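Here is the structure we will look at.
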Amino acid sequence: MVSEIIAKARAAQKQWEKTPYAEKAKRLKKAARFLGRSVDEITRVIREDNGKLALDALATEVLPAILAIGFYIKNGKKFARSRGIGGRSLLMFNKTSRLVFKPYGVVGIISPWNYPFAIPFAEIVMALLAGNAVVFKTASVTPNVGRTIARIFAEAGLPDGLFAYVEAPGKEAGPAFIAGGVDKLFFTGSTATGRELMALAAPRLLPLVLELGGADAAIVRADAELDRAAAGIIWAGFSNAGQSCGGVQRVLVHRAVFAPLLEKLRCLTENLREGVDMGPMTTLKQKQAVQGQIDACLAKGAKIAAKSQSTEEGNFLPAVVLTDVTDDTPIMREEIFGPALAVIPVDDDEEALRIANSSAYGLTGSVWSRDRRAARALAARMNAGAVMVNDHLMSHGLAETPWGGFGDSGLGRTHGEAGFREMLKTQVIVDDFLPAVKRNLWWQPYSERVYAGIRAIVELLVGGLSSKIKALPSVLRIFFRYWEK
């Protein structure tokens, strides 16, 4: 069935690729207008499917989607435009090179349950504007969000089969997409599943973009504005019940401000209101997994420094702030996809950086400091794909910024120009504009003269001044070979 859907999408894509960009944008603007009219309904559907609070659904899913579709409609043509390559060598003055971007064909998109709307929505928009067809699957636990996305793109009046939403069990979807013949696959989910998909894709050399897990670090310097740092860390760690791959998990705090920051984190955590400031986990299975990881940390000597009030009924889980964690605890080595923070004292920036970069993950990070110049320098040394200064997590909502990580956090990028280019194959066209040329310098027949001429060119490129002067006659002699019969 999936292979038939992909085949239909491929047929529709051939004509869509030839459609002028202005017409593609016009169709997507219809989807954007429908999205704008349906904000409250979409927020409700996200909340009912995922369990997140209405404000989380609105601010971190619907609003970013609105920003994304506007940004890509405006900038997609520029991102996909062919362009010349400058900076060529004078010795290759007769060659001009140009980059040309082409759609892959049929793009497969498999999205997760933690941000079931915003993550796939931007990818679908980029894929369509780049001239691709899209076959899309959301997580099995958030099917109504997937159906809502399908309704939005139905409003665009796209050619029949160009966009398809499919429902299938998570374990089956990736293999079905790969075997069914998608030309590129975008997957957001666990690192373990990402590795499985890479293995399945390898025989086809199928290109993948994988946005996987994270165990992200926030570095709080001694000169940080502590109220802002505490509030930002709590939001990034506990919004969406901590189910954010780019949320804060490890907080590395200079010893000079460790006690006052921990106190602020304690106050904020204990005042979180269940069902008002923090929602439930999306599934009972996830709640149990996170509780098991927290229990494992406690068994190894970690202490709970703060805990939010919670009935723990249904899928609700209290937020916890842990201290006295050791390197072998889950919160330091694994992704904890739930409301748990570890706060660790450090002596200086170097120790903080060492601990931050010790993780196999490298999705996001943050530096909190009044000295923005020093913070940016430290941020640049963090092993993470997206690093924020005096903020965390929110860069995913900026359509213009690329999103993706290093190491076990995945491959490739989504969002921004880099993400748009992931929807396109890159071709280079090299043209020779020199008139009446018979041959290149290095073509047959070979001779001692040809060798000496090429060797002189090398000397002209890398030799000293006297060597360059000596090489000039040989270079000039071989230059006329361009026109020799």
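For the range 393-429: of the residues being of a type in the set (G, A, S) and touching an Asp or Glu at 6+ places or on another chain (Cβ under 7 Å), which is nearest to S366 (Cα to Cα)?
G404
Can you name the residue in the range 321-379 that is in a helix (DSSP H, G or I) and among the β-branched types (V, I, T) and is also surrounded by the fewest Cβ atoms within 10 Å (Cβ to Cβ) among such residues?
I355
Inside the range 51-82, can you point out the residues that are more than 26 Å from R98 (Cβ to Cβ) and basic (K, R)?
Passing the criteria: only K52.
Working carefully through the options E48, E123, find the one that is in the same structural domain as P169 (by TED's automatic domain parsing), in contact with a strand residue (DSSP E or B) (Cβ under 8 Å, 6 or more places away or on another chain) and not in a loop (DSSP other than H, G, I, E, B).
E123
Would you pick out the residues in the range 1-44 that are farther than 17 Å from I66 by Cβ, hydrophobic (A, V, I, L, M, F, W, C) and touching a Gly at 6+ places or on another chain (Cβ under 7 Å)?
Within the range 1-44, V2, I6, A9, A11, A12, W16 meet the criteria.
Any idea which of (1) of a type in the set (V, I, T); (2) in a strand (DSSP E or B); (3) more than 27 Å from the chain's Cα centre (by Cα) is the one T311 doesn't satisfy?
(2)
State yes or no: is G105 surrounded by fewer than 23 Cβ atoms within 10 Å (Cβ to Cβ), touching an Asp or Glu at 6+ places or on another chain (Cβ under 6 Å) and of a type in the set (G, A, S)?
So G105 passes the test.
Hey, can you tell me all the residues within the range 12-41 that are among the hydrophobic types (A, V, I, L, M, F, W, C), out of contact with any Asp or Glu (no Cβ under 6 Å at 6 or more places or on another chain) and surrounded by 16 or more Cβ atoms within 10 Å (Cβ to Cβ)?
Within the range 12-41, A12, W16, A25, L28, A32, L35 meet the criteria.
Helices (runs of 4 or more DSSP H) wholly in the range 382-485 with at least 3 residues that are assigned by TED's automatic domain parsing to the domain that holds A59 - which ones?
416-421
The values are calculated or read from the model by the stated rules, or taken from the named source; none is laboratory data. The structure presented is a predicted model; accordingly, all values stated were derived computationally and were not measured. Note: ideal-geometry Cβ built from the backbone for every residue, glycine included; neighbour counts use all protein chains shown.
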